[in-house]
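Take a look at the structure below.
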Amino acid sequence: MQSFTEKAKKVIRENQDLFNVLEELDRTGAYRKASYKKRVNFTVDEELFNRFRSYCEKKGIKMSARIEECMRKQLEQA
């Protein structure tokens, strides 16, 4: 059986973004969005990237939205 401290640490770990919002509220007196977009930088195969960009343009899809969807699916499968 988990102790109160262990449960509290687990809740904090699982909800770190919300605790960050509360810390910001305490510090500044104003709420900020709980979720921000993060700019990332990584390398991918150039030909694959060009094909993907072309596909997204033809379908009217935002590349970042499609990448986020793929990331979510991968995490659900894990």
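Each value in this text was obtained by applying a stated rule to the coordinates, not by laboratory testing. Owing to the predicted nature of the structure, the values given are computational and were not obtained by experimental measurement. Neighbour counts are summed over all protein chains in view; Cβ atoms, including those assigned to glycine, are modelled from backbone coordinates with ideal geometry.
Among ILE67, ILE12, the ranking by other beta carbons within 10 Å of each residue's beta carbon, starting with the fewest, stands as ILE12, ILE67. Rounded to the nearest 20 debye, the dipole size of the chain about its Cα centre is 220 debye, using +1 on the Cβ of Lys and Arg and -1 on the Cβ of Asp and Glu.
Which value at 222 nm does the chain reach when only helices count, each DSSP H run of 4 or more adding -39,500 (n - 2.57), with the total divided by all residues and rounded to the nearest 500 deg cm²/dmol?
Calculated mean residue ellipticity at 222 nm is -21500 deg cm²/dmol.
The calculated FRET efficiency for PHE19 paired with GLU68, based on their beta-carbon distance and R0 = 22 Å, is about 0.45.
Assuming charge only on the beta carbon of Lys and Arg (+1) and of Asp and Glu (-1), the dipole of region 1-44 about its Cα centre is about 220 debye to the nearest 20.
Restricting to DSSP loop positions (anything but H, G, I, E, B) with no more than 11 other Cβ atoms inside 10 Å of their own Cβ, which GluC sites (Glu not before Pro) remain in the chain?
Taking the chain and a limit of 11 other Cβ atoms within 10 Å, no loop GluC sites (Glu not before Pro) are found.
Placing unit charges on each Cβ (+1 for Lys and Arg, -1 for Asp and Glu) gives the chain a dipole about its Cα centre, and among LEU25, MET63, VAL11 the Cα reaching farthest toward its positive end belongs to MET63.
Angle of helix 4-14 to the longest C-alpha principal axis of the chain, folded into 0 to 90 degrees and rounded to 10: 20°.
Taken along its three principal axes, the alpha carbon spread of the chain comes to 51, 37, 22 Å, from the longest extent down to the shortest. Among the trypsin sites (Lys or Arg not before Pro) in region 1-62, those located in a DSSP loop and surrounded by at most 16 other Cβ atoms within 10 Å of their own Cβ are ARG32, LYS33, LYS37, LYS38, ARG39, LYS62.
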